[in-house]
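Shown next, in structure tokens, is the structure this report addresses.
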């Protein structure tokens, strides 16, 4: 008698194996916990093997058989995805799920609008997004948890492929009454004595601080944060200046206070915004379509992303 299990059941099984709980798997696959639990139980019944040991209030642990089955289930799901991609390529259609990672510093500025414009053009595509720092994006790509990532060209590993789209020179963010806020551009030597609010993310922090070390200076770091909104709030309230590359859509901090954005002089290396993927990932119809759309969508908004003009008057 042929086995009668579904790809959906395999997806639930893998999600439980990766998260260690029904609740965690439910969030990962965006399906209710009872549905996940039922799918895994049905799979166990169909295969005739116990896949997990259930611990009361402590989650699920794969059995020896379960651990071996997980590797095979991942392979089957991978092959099914390749079959779906092949069907799309042969039919010339753009469809299927697309998981997009994005650097957390600019995800709120770029990704929602980019996703919306893409699915408006391709109604059979289902997009999801994950925000992470640079190291996190590398890991998510290698694990196959995202299809591609929107990020900067910072310390890129050789096993991943980067397509640059837009060069973004550094900007200095200052509160309105900062002693340097009246200047048309600001040098690193002028900034050095003043307190700095460092956007302290992996790779990004090293990039910002390199501006000082390369001219023999040290930044006067007074505050550190990993959150872009918190950084803007600290700057607007006079705790120091900061350095960024993507200019926010608004000159207002979350609490409504104003921020000025002024170019950093001296020809400092810009960050390049682009798409990061595993080798050959853009060969599928869906990923190729998204990459092409992202290029044109971002390029048409280049003036906004690069602008230092104040909307606050």
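The values are calculated or read from the model by the stated rules, or taken from the named source; none is laboratory data. Computed from a predicted model, the values in this text were never measured in an experiment. All Cβ positions, glycine included, derive from the backbone under ideal geometry; neighbour counts span all protein chains shown.
Restricting the first member to segment 25-48 and to residues that are without any contact (Cβ under 8 Å) to a residue 60 or more places away in the chain, and the second to residues that are surrounded by 14 or more Cβ atoms within 10 Å (Cβ to Cβ) and part of a loop (DSSP other than H, G, I, E, B), the beta-carbon pairs closer than 6 Å and six or more apart or on different chains are 43/5; 44/51; 46/5. Could you grab me the full set of residues in segment 11-39 that are surrounded by fewer than 21 Cβ atoms within 10 Å (Cβ to Cβ) and either farther than 18 Å from residue 99 by Cβ or not assigned by TED's automatic domain parsing to the domain that holds residue 79 (or both)? Correct list: 20, 21, 23, 32, 33, 34, 35, 37, 38.
In the set 71, 107, only one residue is in contact with a strand residue (DSSP E or B) (Cβ under 6 Å, 6 or more places away or on another chain), modelled with pLDDT under 90 and under 30 Å from residue 135 (Cβ atoms); that residue is 107. Taking the criterion of being modelled with pLDDT under 90 and farther than 19 Å from residue 98 by Cβ, the residues of segment 140-156 that qualify are 154, 155. Between 310, 242, the distinction of being touching a strand residue (DSSP E or B) at 6+ places or on another chain (Cβ under 9 Å) and at pLDDT 95 or above belongs to 242 only.
Against the list (1) surrounded by 17 or more Cβ atoms within 10 Å (Cβ to Cβ); (2) farther than 26 Å from residue 192 by Cβ, the condition residue 163 fails is (1). Every residue in segment 103-140 that is crowded, with 17+ Cβ neighbours inside 10 Å and closer than 17 Å to residue 247 by Cβ, please. Once the filter is applied, which keeps residues that are crowded, with 17+ Cβ neighbours inside 10 Å and closer than 17 Å to residue 247 by Cβ, segment 103-140 yields 103, 104, 105, 106, 107, 109, 110, 111, 114.
Just a yes or no: is a residue in segment 156-167 in contact (Cβ under 8 Å) with a residue 12 or more places away in the chain and assigned to a helix (DSSP H, G or I)?
Keep residues of segment 156-167 that are in contact (Cβ under 8 Å) with a residue 12 or more places away in the chain, which gives 156-157, 159-167.
Checking which are assigned to a helix (DSSP H, G or I) leaves us with none.
The answer is no; no qualifying residue exists.
Counting only residues that are more than 20 Å from the chain's Cα centre (by Cα) and under 29 Å from residue 137 (Cα atoms), segment 253-277 holds 8 of them.
Do we find a residue being part of a loop (DSSP other than H, G, I, E, B), exposed (fewer than 15 other Cβ atoms within 10 Å of the Cβ) and touching a strand residue (DSSP E or B) at 6+ places or on another chain (Cβ under 6 Å) anywhere in segment 201-218? No, segment 201-218 contains no residue that is part of a loop (DSSP other than H, G, I, E, B), exposed (fewer than 15 other Cβ atoms within 10 Å of the Cβ) and touching a strand residue (DSSP E or B) at 6+ places or on another chain (Cβ under 6 Å). Tallying residues that are in contact with a helix residue (DSSP H, G or I) (Cβ under 6 Å, 6 or more places away or on another chain) and within 18 Å of residue 176 (Cα to Cα) within segment 221-242 yields 1.
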